[in-house]
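**Student:** Just dropping this structure here.
The values are calculated or read from the model by the stated rules, or taken from the named source; none is laboratory data. The shown structure was predicted, so the numbers you read here are calculated from the model rather than taken from an experiment. All Cβ positions, glycine included, derive from the backbone under ideal geometry; neighbour counts span all protein chains shown.
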Amino acid sequence: MPFSASHSIACNASRAQVYGLIRDSAHWPQIFEPCIAVEVLESTQDAEHIQVTARVNGLPMTWRSRRRFLPEVHGIESVLTQPMKLVSAMATSWRVVAINNEQCLLVLEHAYDLEADIEGQVDGVRTLDEARRFIESAIDGNSRTELGNIKAAVERAPRTEPAVQPERHASHSVLCEASADSVYAVIRDTANWPRIFDACVSATRVRGDATRELVHIEAVQDGHPMAWDTQRTYFDTIRRIDYELPVPMPFLSSMKGQWRVVPLGEGRCLLSVDRSWRLLDDVRGIRPGIETVAQAAALFDAFVNDNAEAEMRAIRNYVEGGTEAHATVTTSRHLPFPPDAVYGVLADVALWPDVLPHCLSLEVAYDDSEYQEFSMRVKTPLGAETFRSIRRCHATGLSITYFQPKPPAVLESHHGSWQVRSAPGGSLVIAEHSVRLNSAACVAAFGDTDTLLHKQRIKHLLSTNSGATLDACQAWLEARAGIAQAAAEGFHE
């Protein structure tokens, strides 16, 4: 075929999300602006034959296309079995190419040939050159519009939601170097929770007996207070706890689950928790910025996963170390920039003295873009401190894990991660810290011996530092975007 065209667009969504949308031709009229109707004439697991009616340079035209699905490469190959006007043959290729776990490139290619006799097919098109320009313009205009429609569709929350929300599930587990009985005793006694779980403010027993009790929980998530009741049933002989929320937490119509402790030999066990929940049909007015079930689902899924992982670490640390001096902190923030741009600032540690106002100096010992070691001196409410960090940067996963062989003085250990995920309008950045307090240093720094109060202060410091880092990243990216815009405007002038 003598003519061809190629168009592409970067999407802040996973490869699988984009492929699923371009494969689902039945929904094209609701997504693609030029598309008027699609009729599926024949369909199998690997292919389909469809009839499409769409506007071509504003004129309605109909054609038929046989599409072959290539899920192993996230691609689709198609040929016209009944071409549109002016076209004798056309082959189309879709490919979704991963940039990283949260972004991809969608490529749309056309190869086509024109009819030898185009007389009378389209008003105003009388010569082969006019036919070439007509089809070339149509492919360019429709491709750009459709790719833009796809990008918008995968990057925004769905507009419609089912009347009855499906049940959602999550499972988490952790190996503990402690006896099953001791771990079970910890999770059975809710009085332990405020001491162990950093998000938990209080756990009050409302009523109950030896096998069943109702407990009122108060907690904080992303700075927002939350409260709920949990009805717990104990199966002590098999170390299992069933629970259900008669008055669910915000956004939920129901929630239930099970804790299990399974012995793996003397002094070792597996702790697991399964959760199932259902969202409300209408979540408006519960929290500012959350107006759709899809937004609530994303928020609550993240809360469940982040909270569960923090709980598991806290329980393991408590039963293995026998101390309350552990703390975990999770901070999340939406930034209006693509995930790779945000990750780039977090990963390029050499930039930090210019990016972070609280960074006084930084000395890089090693950096090959994946493994990094550096010492950084920072301003803190406790004064200037120097710490050494070792990091591993996962460019494909847009995540960074780290630990500090030499943490600040009030900490015995500190490790954590940065994760960047695609989100409507930009990125969701999640900062996680897991620390063990240096009790003696905390007493000297804070002037009291209250471990729980020490944890609250340390958590506040870590959360504030993460927030300041993300604020600085946003300001840096905004400044770079402003410089680029000014340069572009100056060029056009």
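**Student:** Within segment 338-352, is there a residue that is under 14 Å from the mean Cα position of the chain (by Cα) and assigned to a loop (DSSP other than H, G, I, E, B)?
**Tutor:** Restricting attention to segment 338-352, the residues satisfying the condition of being under 14 Å from the mean Cα position of the chain (by Cα) are 338-340, 342-343.
If we keep only those that are assigned to a loop (DSSP other than H, G, I, E, B) as well, we get 338.
Yes, segment 338-352 has at least one match.
**Student:** Would you mind listing the strands (runs of 3 or more DSSP E) fully within segment 86-190 where at least 3 residues are polar (S, T, N, Q) and at negative phi?
**Tutor:** 87-100
**Student:** Across segment 26-65, what is the number of residues that are among the basic types (Lys, Arg) and within 31 Å of the chain's Cα centre (by Cα)?
**Tutor:** Selection size over segment 26-65: 0.
**Student:** If a residue must be hydroxyl-bearing (Ser, Thr, Tyr) and surrounded by 14 or more Cβ atoms within 10 Å (Cβ to Cβ), how many such residues does segment 203-214 contain?
**Tutor:** Number satisfying all stated conditions: 0.
Listed here are the residues, each with its yes/no results for (1) modelled with pLDDT of 85 or more; (2) under 24 Å from residue 369 (Cβ atoms).
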| position | (1), (2) |
| --- | --- |
| 388 | yes, yes |
| 408 | no, no |
| 438 | yes, no |
| 469 | yes, yes |
| 482 | no, no |
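**Student:** In segment 117-154, what residues are free of Cβ contacts under 8 Å to residues at least 60 places away in the same chain, farther than 26 Å from residue 425 by Cβ and of a type outside the set (Asp, Glu)?
**Tutor:** Those that are free of Cβ contacts under 8 Å to residues at least 60 places away in the same chain, farther than 26 Å from residue 425 by Cβ and of a type outside the set (Asp, Glu): 118, 120, 121, 124, 125, 126, 127, 128, 131, 133.
**Student:** Can you pull out the residues in segment 42-59 that are surrounded by fewer than 13 Cβ atoms within 10 Å (Cβ to Cβ) and at negative phi?
**Tutor:** Taking segment 42-59 first, the residues surrounded by fewer than 13 Cβ atoms within 10 Å (Cβ to Cβ) are 42, 44-46, 58.
Result: 42, 44, 45, 46.
**Student:** Which of the numbered conditions does residue 313 fail, given that it passes all the others? Conditions: (1) closer than 30 Å to residue 188 by Cβ; (2) buried (at least 19 other Cβ atoms within 10 Å of the Cβ); (3) outside the structural domain of residue 405 (by TED's automatic domain parsing).
**Tutor:** So the condition that residue 313 fails would be (2).
**Student:** Of all residues in segment 227-271, which are in contact with a helix residue (DSSP H, G or I) (Cβ under 8 Å, 6 or more places away or on another chain), in a strand (DSSP E or B) and of a type in the set (Phe, Trp, Tyr)?
**Tutor:** Hits for segment 227-271 are 234, 259.
**Student:** Working carefully through the options 306, 340, 368, 348, find the one that is in contact (Cβ under 8 Å) with a residue 40 or more places away in the chain and farther than 28 Å from residue 452 by Cα. Give the steps one after another, and end with the answer.
**Tutor:** Numbers: 306 fails: farther than 28 Å from residue 452 by Cα; 368 fails: in contact (Cβ under 8 Å) with a residue 40 or more places away in the chain; 348 fails: in contact (Cβ under 8 Å) with a residue 40 or more places away in the chain.
Only one candidate passes the filter, namely 340.
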